[in-house]
2 protein chains.
Amino acid sequence: MTSNTAGGPTRRERMRAETIAEIKASARSQLQEHGPSGISLRAIAREVGVTPAALYRYFDSLDALLIAICCDLYDELIADTVAAMDAYPKDAHLERMKSWIWAFRAWAVGNRREFELMISYPEGNTAMSIDGTRLAQSPENVDPVTLKSLEHSQLCGREMAAFYRKTESGEVEANGPIQLPEISDALQAELLDKCSAFIVGELLPLEWVFTFTSAWVRVFGLVVMEAFGSLPVQDNVDEFYKTQILAMMKDFGIEG
Amino acid sequence: MTSNTAGGPTRRERMRAETIAEIKASARSQLQEHGPSGISLRAIAREVGVTPAALYRYFDSLDALLIAICCDLYDELIADTVAAMDAYPKDAHLERMKSWIWAFRAWAVGNRREFELMISYPEGNTAMSIDGTRLAQSPENVDPVTLKSLEHSQLCGREMAAFYRKTESGEVEANGPIQLPEISDALQAELLDKCSAFIVGELLPLEWVFTFTSAWVRVFGLVVMEAFGSLPVQDNVDEFYKTQILAMMKDFGIEG
DNA sequence: ATCATTTAGCTAACGCCGTTTACTCTAATG
DNA sequence: CATTAGAGTAAACGGCGTTAGCTAAATGAT
């Protein structure tokens, strides 16, 4: 048994958890200082005051450590995002969606190195991915980082779904999303399956899903470009974001 | 002197150029197989049939080699893009701009590893950057990769400028870009300076610059997401791109 | 043709790195 | 109290980027 009769964590378990935290903290500081490729087990061992080999009692490999850190980072991002959204009441869907974007941006820019690690994720660049197909086929056999990424997306997707329901019930009046271009059956199915079902959490009309997906790509582009220093605008980024958000809102048929 | 009387390259120069090409080719194949971090000087030396130390006669460091490769990759991308654009007549600006996007996408997806290297560029992630400020202050003191990136952007930017001129002269009729949101003087100045002056090559009305910049971010988002496997749509990407291009065209006041 | 110089390459080493193996001690378990 | 599982160590293996010093060949000038 790994826990005592009181049900609480064993002394050893506490120690272990503390050591793991120490290791992660050291790795994190190296990440911030030297980037993803600058994380070194030996350097961590030195800082923690232990032999390099000892780290293998806690992580199977450097890659495993990086993945664990990725998960933590997503948890951080998600926590920040939830907190930012909860600054507004539960029915202020628009403000909450805006908050989602701002929180995403703020976190990525405030943690550039970390964000870099997340998108150039150890396991073949599948981070920030929302591959509904793989998820549908084996819901639990998918890597944890992808799941966290999905969780993050859903914070925004479900908010939009709630907003849609309000417009549908007439509780909120809106013109609805922009007119759709012609879309083949195949693409329609894919949008409904992958985006609607998995990100949004429920099936929505195609126009909503399409507009949401388009907006999602725009936001991702903004955040990645800013974090990687490729954004054309650099001194007035806040305002530029606001103009982009405005444009996306317009696509949803919302003014302001 | 480094060249003979005939003016052509010396025998040694030819040999040297050939060796450099061999080194780059080996590095490239390693890049394709193991990703950016899988490029190893020692492995290259093994493949080229030479001692690791010998490589330092050709490149100051691994980083220098990576930068050189980045430059080559940009040249490749630019050449592909130019070829794709030139499949249409010089005055078919719209088709040429679309070609630019398609070429960008095709190259990034067809050379994922290479693209990865370019955006997580050795020197502190400044790739794909179009920082007009730095350029304006010291036009020639900027790293070569950034210059190439700018060159690539300009292929599209100048095309749009040409299109703008045609609409201005009445040679082509168009409604012009979407209505602008309110934009502060500071952001206006930045858009005009960095985007208009450097990417487009001439000063354009704010509405054109703004619309172009917004579109640029969207395209970048699409390409990065697809190359990194994060695009929500995965089976009907071509069509999804087309819908996005259509939307951007609409922003310019163009139908179809 | 000879000499001086540049250049390409080598060997050997330094100090990093991730990872494995075998061994020791210590603390919790039964 | 004996046993055992866990945390830790020392030492090694093979790999890495990089440097220093040497050798030999190709080049350019005399």
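The values are calculated or read from the model by the stated rules, or taken from the named source; none is laboratory data. Small disclaimer: the values here were computed from a predicted structure and weren't measured. Cβ placement follows ideal geometry from the backbone for every residue including glycine, while neighbour counts extend to all protein chains displayed. For the accessible areas, the whole protein counts, side chains as well, though only heavy atoms, and no ligand, DNA or RNA atoms are used. Shrake-Rupley method; radii C 1.70, N 1.55, O 1.52, S 1.80 Å.
Key figures for this structure:
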| quantity | calculated |
| --- | --- |
| Dipole of chain A, positive direction: furthest Cα of A:ALA197, A:MET97, A:TYR56, with charges on the beta-carbon | A:TYR56 |
| Extension gain, B:ASP193 back to B:GLU151 (0.36 nm per residue minus Cα-Cα distance, nm) | 13.5 nm |
| Rounded tilt (10° steps) of A:93-110 against the dominant C-alpha axis of chain A | 40 |
| Pairwise label distance in nanometres, A:TYR88 with A:CYS71, each label 7 Å out on the Cα-Cβ vector | 3.2 |
| Cβ-vector label at 7 Å, B:ALA64, separations to other copies in nm | 4.1 |
| A:TYR121, B:TYR164, ranked by accessible area, largest first (probe 1.4 Å) | B:TYR164, A:TYR121 |
| With every protein chain in place, segment A:22-85: carbon and sulfur % of accessible area (1.4 Å) | 51 |
| Environment charge at A:PRO36 (Cβ cut-off 12 Å; Lys +1, Arg +1, Asp -1, Glu -1) | -1 |
| Point-to-point label distance, A:ALA17-B:GLU171, nm (Cα→Cβ direction, 7 Å offset) | 7.2 |
| Shape parameters for chain A, alpha-carbon atoms, Rg then Dmax in Å | 21.1, 65 |
| Helix-only CD estimate at 222 nm, as mean residue ellipticity for chain B, using -39500 (n - 2.57) per DSSP H run (n ≥ 4) | -20000 deg cm²/dmol |
| Area of A:MET118 that stays accessible when all protein chains are in place (1.4 Å probe, Å², to 10) | 0 |
| Anchor A:LYS90: aspartates and glutamates whose Cα lies under 16 Å away (excluding residues fewer than 8 positions away in-chain) | A:GLU159, A:GLU171 |
| Fraction of alpha-carbon pairs over 44 Å apart in the protein assembly as shown - percent | 21 |
| Rounded to whole Hz, the Karplus (6.51, -1.76, 1.60) HN-Hα couplings of segment B:48-57, x for glycine and proline | 6, x, 8, 6, x, 4, 4, 4, 6, 6 |
| Accessible area of B:PHE220 in the full protein assembly, 1.4 Å probe (Å², nearest 10) | 10 |
| In segment A:212-256, GluC sites (Glu not before Pro) in a DSSP loop with at most 12 other beta-carbon atoms within 10 Å | A:GLU255 |
| 3J(HN,Hα) from dihedral phi, segment A:211-219, Karplus parametrisation 6.51/-1.76/1.60, rounded to Hz, x for glycine, proline | 5, 5, 4, 4, 5, 4, 5, 5, 5 |
| Cut-off under 5 Å, modelled amide H: who pairs with A:VAL172 long-range | A:THR167 |
| Innermost chain B residue relative to the axis carrying B onto A, by Cβ distance in angstrom | B:GLY221, 1 |
| HN-Hα J in Hz across segment A:37-42 - Karplus 6.51, -1.76, 1.60, θ = phi - 60°, x for Gly and Pro | 7, x, 7, 10, 4, 5 |
| Calculated log₁₀ intensity ratio I(q)/I(0) where the Debye formula runs over C-alpha points of segment B:8-59, q = 0.18 Å⁻¹ | -0.56 |
| Mean separation of Cα contacts under 8 Å (6+ apart) over length of chain B, as relative contact order % | 16 |
| Cα centroid of segment A:137-186 to Cα centroid of segment B:39-104, whole Å | 39 |
| Shielding by other protein chains, A:109-121, mean Cβ within 10 Å | 2 |
